[in-house]
1. Pick from ALA27, ALA143, ALA197: which is most flexible by mean-square fluctuation in a GNM of the chain where alpha carbon atoms under 10 Å apart are linked?
2. Report the gain in length on full extension from GLN55 to TYR125: 0.36 nm times residue separation, minus Cα-Cα distance, nm rounded to one decimal.
3. Between VAL144 and ARG103, what is the label-point separation in nm under the 7 Å Cα-to-beta-carbon projection?
4. For ASN42, enumerate residues with amide H under 5 Å from its amide H, sequence gap 5+ or separate chain, H modeled in the peptide plane.
5. For region 74-89, what does the Karplus curve 6.51 cos²θ - 1.76 cosθ + 1.60, with θ = phi - 60°, yield as ³J(HN,Hα) per residue in whole Hz, taken in order and with x for Gly and Pro?
6. What percent antiparallel are the DSSP beta bridges of region 17-237, to the nearest 5?
7. Using alpha-carbon positions, what is the distance between the centroids of region 55-98 and region 132-180, in Å?
8. Can you give the helix-only mean residue ellipticity at 222 nm for the chain, where every DSSP H stretch with n ≥ 4 adds -39500 (n - 2.57) and the sum goes over all residues, rounded to the nearest 500 deg cm²/dmol?
Amino acid sequence: MQTTPHNEARRGDYAETVLLPGDPQRAEWIASTFLEDVRCVNRLRGALGYTGRFQGVPVSVQTTGIGAPSLAIYAHELLETYGAKTLIRVGTCGGLAEHIKLRSLVISQSSSSDSAINSQLFGFYDYAPSANFELLRRAAERAVELGLDHHVGQTASSDVFYHPDVLGRFAGVRAHGALAVDMETNALYTVAARFRAKALSICTVVDSLVTGEETDPAERQELFSDMVRLALDVAAGTPTAEQRGSRL
């Protein structure tokens, strides 16, 4: 019998740290490319889930689908039912500033949202969810060490992918420094906060809402290597140069 309406994995099948791609093909690629001793723990609804090891550390990968409601379901169940403690999104985003170039990484410090989900949860408050500082710092320091083209700062999440006013609808958050937009980060940080869990969102810029440039979908799996490796280094607790130096 499946454990939840959306997941057939048994309790204990997931590691405490889970990477969250939206696309099931990306989940399969991450598991087969980067993890050892991999086993598939969920196939229900096509939302593939895997558990394996990276540098000896247990890590899982779970597909979340597209958008806040879908991600919120999987994040909630991973934390409540399966005992996950750390969730790291590895997804795509669109650049909202001219200096955010295609193929660079955006590490989200906090995320605004146009979703009605938050108004249902918080009433007249505008809740401002943010990343776990420990994970955020580790990712930023490791990205510098690896020489990755990356940006750290606030982002936005939207429930609408196709909108007639492509850029104008983000005027407010752009004016206040939002670097990029996706559809899931705000929901991830909100659910994690509810469960007092650690969460981080790392996204690859695949298009620019400012310039209209886009990456070729055919190259996207190759584009994601830096993002996934960075997320796995964070997940495995790979020490930064500063941390290694403090042990000498």
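1. Maximum among the listed residues: ALA197.
2. Working: separation 70, 0.36 × 70 = 25.20 nm, distance 4.23 nm.
Answer, rounded to one decimal: 21.0 nm.
3. Reported label-point gap for ARG103 and VAL144 is 2.4 nm.
4. Answer set, sorted by chain and number: GLY49.
5. 5, 5, 4, 6, 4, 7, 7, 9, 9, x, 5, 10, 9, 10, 10, 6
6. Values: 17 of 43 bridges.
About 40 percent, rounded to the nearest 5.
7. Between the Cα centres of region 55-98 and region 132-180 lies a distance of 16 Å.
8. Values: 9 runs with 82 residues, N = 248.
Result for the chain, helices only: -9500 deg cm²/dmol.
Here, each number is a calculation from the coordinates, and none is a lab measurement. Since this is a predicted model, take the numbers as computed values, not measurements. As a convention, Cβ positions derive from the backbone with ideal geometry for all residues, glycine included, and neighbour counts pool all protein chains shown.
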